[in-house]
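First the structure, in the form of structure tokens, and then the observations on it.
The values are calculated or read from the model by the stated rules, or taken from the named source; none is laboratory data. Since the model is a prediction, treat every value here as computed from it, not as a measurement. Virtual Cβ from ideal backbone geometry, glycine too; neighbours counted across all protein chains shown. Quick note on the areas: whole protein, heavy atoms, side chains included, nothing else; ligands and nucleic acids left out. Shrake-Rupley method; radii C 1.70, N 1.55, O 1.52, S 1.80 Å.
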Amino acid sequence: MPAVKQQLKVTVLVLCWNNQDLLGECFKSIFDQSYDNFDVIMVDNGSKDSSVAFTRKHFPKVRLIETGKNNGFAIGNNIGIKEALKDSDCQYIVLLNTDATLRKDWLEKMVEFAENHPRLGSAQSPTLDYFDHDILDSNGICMDRWGLATQIGYRQSNVRYETQRVFGVNAAAAIFSRAFLEEQPFGDDYLDHDLWMYLEDVDLAARATMMGWESWVVAETFAYHMGSASSAKLPGAFSLYMTYRNNALVLIKNFPWRIILRTLPGLFRAEAYRIRGFLRERKYGLIKAMVMGRLRSLPLFPLFLIKRGKLKKYWKIDSTELWELMKAPRLPKLPPAKRRFGSEAVAVVVVSHNNATTIEACLNALKSQEYPNLEIIVVDNISTDGTTKIIKEKYPEITLLEPKLDLGFANGFNVGLTRVLPDNPEYFALIRATAMVGNGWLKQMIEIMHEKPMAFAVSSRLETPDGSVYNQGFTFHPVAGANPKTFEGNKTREVFAASDYASFFRTDKLTLIGLLDGDFFDGLEDVDLCMRARLMGYEVWSNPMAKVIVNPIEPSRKRLWYQTQKNLMLMFLKNMPAKLFWKYLPAMVASQVAATGRSISEGYLPQQTKAFAKVVFRLPRMMRLRNRTNRHKRRLQQELDKKIGLEALRLEL
């Protein structure tokens with residue numbers, strides 16, 4: 001694009017609160033800009049360190065405003081914006097966090113883009129992680145269809161950046177037009193001071209969208225953000241409390257009632273999932289912060305309804321257009337050939353239970369993979385043999401989660417996944433603490449994922465310590481159940497399901513497929529997960545080159561009987577396509593009658609009765625999950641134009 005002929009005046013506003021250690025690099029990135037016509041204002045929110053003295057000494061061109069107290073993010077920025085707009089030549093205002101820096105051409109590119117878009121209210125560039133530029137911090141913000149504010153692309157890597165319109169921008173490094181700010185109906189309260197901190201930029205974005213202004217991400221340049229430089233100094237649950245408090249206020253202030261009602265089911269479901277996760281981890285303080293945030297928002301409802309009334313006069317779009325803008329855009333991935341090895345984030349979840357004799361070999365093998373972007377999380381199911389002591393003493397860098405009860409492998413893996421999924425790793429691995437991956441295992445798994453774009457899971461070649469093959473994946477029959485599969489040669493083959501002793505998964509598919517089913521506890525939970533994936537059109541592969549040594553520990557015969565009978569019936573009810581369901585129902589009933597006879601003769605009748613009771617009790621839930629899978633199948637069939645359902649299962653009958 002041609003260079004801007006006449007440089008319009010820009011004011012860069014930096015809000016500071018005890019951030020003297022960050023100011024030098026932040027200001028240097030501003031004054032090194034290729035764009036010349038700008039002023040810099042720093043609003044100091046009552047810093048107790050030497051931020052003001054440092055700025056006066058090293059950056060005398062910065063105009064200082066000292067408030068004398070911590071006014072929060074909204075009021076502090078409002079003071080600076082009001083001061084900047086006193087200059088009639090100022091056409092754009094940049095909000096920049098002290099923990100953010102700009103590429104040298106940032107101002108030039110952003111002003112140039114803004115001048116070519118007259119209805120631009122705000123814009124940002126892709127904001128990358130300050131410490132690792134391969135990781136995205138924010139590609140804009142979105143108020144999604146669950147009524148929750150999210151950072152688009154947060155913690156993703158290897159994405160292709162494109163200039164696009166978004167719901168709103170992240171105020172860590174963003175530019176706003178004077179025309180947009182002066183049109184606000186609340187005077188100089190540009191960022192709502194009643195929100196104080198958190199979601200003020202979401203509120204401004206929603207306001208802009210409803211008023212017909214546009215927000216853009218400009219892909220021609222970049223900013224770099226550390227994140228939480230100021231908020232990290234506040235109490236741990238404070239951000240969660242303020243987020244849930246302000247979320248409700250932003251909704252009722254800015255969104256049509258029709259949209260609010262459409263978001264409520266998803267919002268309640270998301271909160272239930274989060275509370276359930278906190279309960280599993282015994283994080284009662286965070287649950288309290290969530291609940292208190294919601295309760296403290298209630299007295300502010302009348303005030304925000306009054307604000308809603310004022311804003312409604314300026315609304316220029318309808319609910320249909322807003323609903324489309326609330327659809328979170330997906331960032332396209334770079335092709336594997338253009339990805340730097342090690343730039344894709346991988347999270348490994350290890351579940352242990354009294355594995356003191358094998359945990360060191362398991363973790364040492366993972367650490368020896370020499371992969372730079374690897375996170376390891378161990379979920380220990382109340383070990384009593386010193387497993388946790390070994391982890392704490394010898395592996396302090398590894399995250400250890402200690403539920404207060406035995407969750408089984410299914411819920412144990414889910415606890416670990418709940419911990420890592422917010423970081424958006426490209427891949428995750430599920431490994432039992434009795435498994436030891438071979439050299440280069442991680443690299444071999446990633447290569448298969450690159451070769452097979454429709455792969456959801458890759459299974460390893462599991463061998464026992466004596467060298468015999470234990471499992472290379474599973475076959476499946478709706479009556480006989482899942483059976484370990486082995487084959488000769490080093491050729492990669494497609495299998496029905498991967499074993500969670502050591503398997504590798506693509507994270508972006510998990511949002512549709514769902515986590516492991518906790519009702520399976522321990523047994524067939526991996527087959528159930530892969531079966532859901534296959535029903536949705538994805539593939540499962542076995543990589544015979546990725547060798548893993550396992551020490552399989554079989555449960556007692558009675559427990560094995562109960563888990564196998566229960567889980568096979570649950571999987572049949574939940575996942576089997578209708579045509580196959582009715583085709584194999586008589587054989588399934590006959591099989592269970594025969595199993596009951598065997599249970600009587602072998603002394604397993606209590607376990608068989610318990611399995612039947614559990615299935616009957618969980619039947620309504622299985623039907624709900626069945627309907628959920630069918631909905632996703634229909635949607636994916638339209639989007640991917642791919643045959644799924646019976647053909648995708650490829651049952652070995």
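For region 520-531, a residue qualifies if it is in contact with a strand residue (DSSP E or B) (Cβ under 9 Å, 6 or more places away or on another chain) and more than 16 Å from M449 (Cβ to Cβ), and the qualifying residues are L524, D526, V527, D528, L529, M531. Going through (1) open to solvent by less than 40 Å² (accessible area, probe 1.4 Å); (2) charged (D, E, K, R); (3) under 24 Å from F131 (Cα atoms) one by one, D44 falls short only on (3).
Candidates are the residues of region 329-346 that are open to solvent by 50 Å² or more (accessible area, probe 1.4 Å) and part of a loop (DSSP other than H, G, I, E, B); the one that is modelled with the highest pLDDT is P335. Filtering region 282-296 for residues that are without any contact (Cβ under 8 Å) to a residue 40 or more places away in the chain, within 20 Å of A149 (Cα to Cα) and buried (at least 17 other Cβ atoms within 10 Å of the Cβ) leaves a non-empty set. Taken across region 155-172, residues that are buried (at least 21 other Cβ atoms within 10 Å of the Cβ), hydroxyl-bearing (S, T, Y), modelled with pLDDT of 90 or more and touching a helix residue (DSSP H, G or I) at 6+ places or on another chain (Cβ under 9 Å) do not occur at all.
In the set (1) surrounded by 22 or more Cβ atoms within 10 Å (Cβ to Cβ); (2) assigned to a strand (DSSP E or B), N483 fails one condition alone, (1). Criterion applied to E393, E397, E370 was being without any contact (Cβ under 8 Å) to a residue 12 or more places away in the chain, assigned to a helix (DSSP H, G or I) and among the acidic types (D, E), and the one residue passing it is E393. Of the listed requirements (1) over 23 Å from P544 (Cβ atoms); (2) touching a strand residue (DSSP E or B) at 6+ places or on another chain (Cβ under 8 Å); (3) of a type outside the set (S, T, N, Q), L430 misses just one: (1).
Could you check region 75-98 and list, in sequence order, the residues that are closer than 20 Å to E25 by Cα and of a type in the set (S, T, Y)? Within region 75-98, T98 is the sole residue that qualifies. Inspect all residues belonging to region 5-15 and state whether any of them is in contact with a Ser or Thr (Cβ under 8 Å, 6 or more places away or on another chain) and farther than 24 Å from A114 by Cα. Looking through region 5-15, none of the residues is in contact with a Ser or Thr (Cβ under 8 Å, 6 or more places away or on another chain) and farther than 24 Å from A114 by Cα.
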